[in-house]
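Novice: Structure in structure tokens, see below.
Throughout, read-outs are computed from the coordinates displayed, never taken from laboratory work. Everything quoted here is computed from the prediction, not taken from an experiment. So basically every Cβ, Gly included, is an ideal-geometry build from the backbone, and we count neighbours across all protein chains shown.
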Amino acid sequence: MSDVLKIKRGTNIKLQGEAEKILTDAPQAETYAIKPTDFVGIKPKVVVKEGDEVKAGTVLMYDKNHEEVKFTSPVSGEVVEVKRGEKRKLLEIIVLADQEIKYEDFGAADPSSLGRDEIIKKLCNAGLWPLIKQRPYDVIANPQDKPKSIFITAYDSAPLAPDNDFIFHGQGELFQKGLDAVAKLTEGKVHLSVDGSAGVDEAFTKAKGVELHRVSGPHPAGNVGVHIHHFDPVGAGQTVWTLKAQDVLSIGRLFESGKFDASRIIAICGPQINDPKYYKTILGTTTKKLFQDLANHDQQNRYISGNVLTGEKIHEDGYLGFYDYQLTVIPEGGEPRMFGWITPNPQKFSVHRSLVSWLQPSKKYSLNAEMNGEERPFVVTEEYEQVFPFDVYPVQLIKAIMVEDIELMEALGIYEVAPEDFALCEVVCTSKIPSQTIVRDGLEMLRKEMS
Amino acid sequence: MSNAIHNFIENKVKPSFDEGGKLEKFYPAYDALETFLFVPGHTAKRGAHIRDAVDMKRTMIIVVLALIPALLFGIWNTGHQYFLATGEGAAFMDKIIHGAIKVLPIVVVSYASGLLVEFIFAIIKKHQVNEGFLVSGMLIPLCLPVEIPLWMVAAATIFAVIIGKEVFGGTGMNILNVALTARAFLFFAYPTWMSGDKVWISEGTAQASNYADGSTGATLLAQSTEKSSGFVDAAGAAYGDTFMSAFMGFIPGSIGETSTLAILIGAAILLITGIGSWKIMLSGVIGAYTMGLIFNAFAVNPFMEVPAHYHLVMGGFAFGIVFMATDPVSAAQTSTGKYVYGFLIGLLGIMIRVFNPAYPEGIMLAILFMNVMAPLIDHYVIQANINRRQKRTVAVAA
């Protein structure tokens, strides 16, 4: 059996409202949306108009940079709005769903009998291709690239993240079908990482054609960047592709049934959710009804598609993001606190021992979105390192990005990281530096330079 | 209560400082005071939705708290040394009162002049007032002799804040430790006020000194140039146990530097909270002790014969290594770099102290020198990391 990779540097932020392991069908939603803002670096071109009838799998838009990368409707129905923001920036393509979903037929097939190009074509046409991301840059993979390996992560270590061992129970066959398709995409290995601290579901342990890695330790132990860094690091000019385990299930369903079945199991969780648990729903679902029914409205809430570290702030009647398997609701907060910089604040989380948080390691917090201080230049050192399990100097890399020194960024290892790897750095930062934003800017700077 | 105050500030005071208000220019000053009273309630606009409860104010204030034992002891010791020198017996409270009268004005002048410069720069450059000076403002008085004229304190502080910090871009950007810049400025500009036998005990420089016969204001370091044992205190009497007296701090010296015990209490606060680097402190002590042992082994003069462990409690070593060397902005920033940086400060500090008695405060010069060298140390540490990573990806690809 495979060995266990133990991650030491990191931290688990324990929040209230962990999803109980009960699976429920989410009530059918009225509308669904694809949000072009979920996809970094694409140039969206919309091919439908308001009023068009679409099926699940009908193309809504494509990427002008890579025309084969298509984004399709998750349900059938009528396109009711193509929402644009400032400077006509495309925000959402909203589909009013039919009672019963009608599907485009892409043809069921056995992936092991298909060639690489056929598989790529099928994934692209069905709108599943955008699920595959790449390092470097943490953007949608380029179908023309040949990755040296593919990483699938079944371990999400983020706060309140869904437990894949629960979700995947009994899904082994479908998962294997998806894996067979994914395996065709690379000549190298397919790595599958699972939570090494818990019992691992058969769906993973019996998976064939993959190299299984058990990873344990505090967040970001489940981040795919950490796995790549330890198992098959990316150097200049190299590419690896990444997928989340549930994405592989979607791919499996495409080959099984020939349909773009965008259903997924999500955790609806957080301190402001009453009775948090798992729901079966569909990609892009409106959150309106879910949050109205499930959230506690005793105070102003922050609604997040994704987890509290990397998720996107959405409205109560927003939409589930393309890459998200979790909806989190926390209190917004926003009350100024008198002399809050010296009070011990036992209700607030900190990795720093200048507060009392470290004396209560098992406490579960109801944290709000307050910054707890103002932005300052870097002062404290070796702060990021304690939550950053890479052989990379995080602060020096951030500074290199700030001064836009591309050569230095490369040397310091920017190819190996994604904004999500800096999420905890951003949380623990005394100076409140927006490191995820900075890293994203750096990656985009580099991507433009290289293209 | 706190809500009422906040509403009052928000509705009555803030409008004058907002854009278009008549005091608009002074917004940074207003902002500094408001955020001192209230941690703003603003919430995360981008990136992670939850944030650690720590902030710069808390971090800096804890360093100031860690300095309080040294300050309190310094106040008492100022009185204690004075009454030793005059030969008068005095009660505990008399010493405190005498010390407070001498020491507190220096603290007030240091803070007032430094914060004035900070506020002026914040207003001119339209940025927020940074918390860094809260620490510098306390470090400066504690590393000065008690007899220093107040105008010199002001001049040195202003010099250090402007030349040592603001010209580089403010807190977080400085190369040299700000407090040591102030001390070095005085040391080279007014050496007679920073060394010798007269400045360490209050009223030692007065024309008609009322000191008793036989009294001396010479520090242990000054005495070490002539002898390696038989040190005497301010009254001219031999110490019962020199090491213990120096450890406890019953000796003449800069206001906050004499008591290694009080400094260790501060060090404990910094280490428990994780704000001070144990790597720098530990390697600094090892460096100093190593140098002391080397001197003992090759001793050719009395100073070289001074037992190695004495060096750890004499002069400004303990204060410097705990509070100044660990300043994260001017120290090495990488883990490996910190060991090298701390060790060399200890080594060089004792070397300068012993080899050049004209500069008895070798620690100050050692830290300033290593401040300048810290980026170079980090450069080599990071270059090694870069090379290692490049080799690794090449090896994997091959």
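Novice: Report, in deg cm²/dmol and to the nearest 500, the calculated mean residue ellipticity at 222 nm for the protein assembly as shown, where each DSSP H run with n ≥ 4 adds -39500 (n - 2.57) and the sum is divided by the residue count.
Specialist: About -12000 deg cm²/dmol.
Novice: Okay, next question. Determine, for B:163, A:268, B:62, the number of other Cβ atoms within 10 Å of each Cβ, and report the residues in order from fewest to most.
Specialist: B:163, B:62, A:268
Novice: For the protein assembly as shown, what is the Kirkwood hydrodynamic radius in Å, using each pair of distinct C-alpha atoms?
Specialist: 30.1 Å
Novice: For the range A:267-405, what ratio Rg/Rh do Cα atoms give with a Kirkwood hydrodynamic radius?
Specialist: For the range A:267-405, the value is 1.02.
Novice: Let me ask another. Take the residue pairs A:8/A:363; A:70/A:122; A:6/A:244; B:14/B:125; A:35/A:399 and return only those whose Cα atoms are more than 22 Å apart.
Specialist: From the list (A:8/A:363; A:70/A:122; A:6/A:244; B:14/B:125; A:35/A:399), the Cα-Cα distance tops 22 Å for A:35/A:399.
Novice: Moving on. Between beta-carbons, use under 12 Å as the cut-off and find the net charge around residue A:245, counting Lys and Arg +1, Asp and Glu -1.
Specialist: Once all neighbours under 12 Å are counted, the net charge is -4.
Novice: Once you have the Cα-Cα distance between residue A:359 and residue A:197, take 0.36 nm times their residue separation minus that, and quote the gain in nm to one decimal.
Specialist: Working it through step by step, the gained length comes to 55.9 nm.
Novice: Calculate the FRET efficiency for residue A:4 and residue B:388 from the Cβ-Cβ distance with a Förster distance of 35 Å, rounded to the nearest 0.05.
Specialist: Between residue A:4 and residue B:388 the formula returns 0.90.
Novice: What nm distance separates the two modelled labels at residue B:265 and residue A:335, each placed 7 Å from Cα along Cα→Cβ?
Specialist: Each label point is offset 7 Å from its Cα along the Cβ direction, giving 3.5 nm.
Novice: Taking only C-alpha pairs under 8 Å that are 6+ residues apart, what is the relative contact order of chain B in percent?
Specialist: 15 percent
Novice: A follow-up question, please. May I ask you to work out the translational diffusion coefficient for the range A:371-450 at 20 °C, viscosity 1.002 mPa s, via Stokes-Einstein with Rh from the Kirkwood sum over Cα pairs, reported in whole µm²/s?
Specialist: The estimated diffusion coefficient comes to 170 µm²/s.
Novice: Next up: FRET efficiency for residue A:12 and residue A:347, Cβ-Cβ distance as r, R0 = 25 Å, nearest 0.05?
Specialist: It comes out at approximately 0.90.
Novice: Treat the range A:116-242 as a sphere of radius equal to its Kirkwood radius over Cα pairs and apply Stokes-Einstein at 10 °C in a medium of 1.306 mPa s; give the translational diffusion coefficient in µm²/s, rounded to a whole number.
Specialist: The calculation lands on 105 µm²/s.
Novice: Can you give me the P(r) profile for chain A? Cα pairs, bins 10 angstrom wide beginning at 0, each as a whole percent.
Specialist: 4, 20, 32, 29, 13, 2, 0
Novice: So, one more: Among B:30, B:68, B:53, pick out the residue whose Cα is farthest towards the positive end of the charge dipole of the range B:1-96, where Lys and Arg carry +1 and Asp and Glu carry -1 on C-beta, about the Cα centre.
Specialist: Checking the options against the dipole of the range B:1-96, the answer is B:53.
Novice: While we're on this one: Return the distance in nm (one decimal) between the two label points of a simple spin-label model at residue B:45 and residue A:406, each offset 7 Å from Cα along Cα→Cβ.
Specialist: For the pair residue B:45/residue A:406, the computed spacing is 2.9 nm.
Novice: Going toward the positive end of the dipole of chain A, with +1 on Lys and Arg Cβ and -1 on Asp and Glu Cβ, which of A:309, A:154, A:33 do you reach last?
Specialist: Most positive-ward Cα: A:309.
Novice: Determine the equivalent ellipsoid of the range B:265-398 by diagonalising the alpha-carbon gyration tensor, then write out the semi-axes as square roots of 5 times the eigenvalues, largest first, rounded to whole Å.
Specialist: Equivalent ellipsoid semi-axes, largest first: 32, 18, 12 Å.
Novice: Over 19 Å, how big is the tail of the calculated P(r) for the range B:324-382, in percent of all Cα pairs?
Specialist: Beyond 19 Å sits 26 percent of the P(r) for the range B:324-382.
Novice: Sticking with this one: What does the convex hull of the Cα atoms come to per residue for the range B:1-128, in Å³?
Specialist: So the per-residue hull volume is 172 Å³.
Novice: Could you compute Rg(Cα) / (2.2 N^0.38 Å) for the range B:107-161, with N its residue count?
Specialist: 1.12
Novice: OK, next. Given just the C-alpha atoms of the range A:45-86, how large is their convex hull per residue in cubic angstrom?
Specialist: It is 70 Å³ per residue.
Novice: Related question: Can you give me the distance in nm between label points at residue A:280 and residue A:64, each placed 7 Å from the Cα along the Cα-to-Cβ direction?
Specialist: Result for the modelled spin labels: 4.1 nm.
Novice: Return an integer: the convex hull volume of the alpha-carbon atoms of chain B, in Å³ per residue.
Specialist: That works out to 183 Å³ per residue.
Novice: Further question: What FRET efficiency do you get for residue A:91 and residue B:93 if R0 is 60 Å and r is their Cβ-Cβ distance, rounded to the nearest 0.05?
Specialist: 0.25
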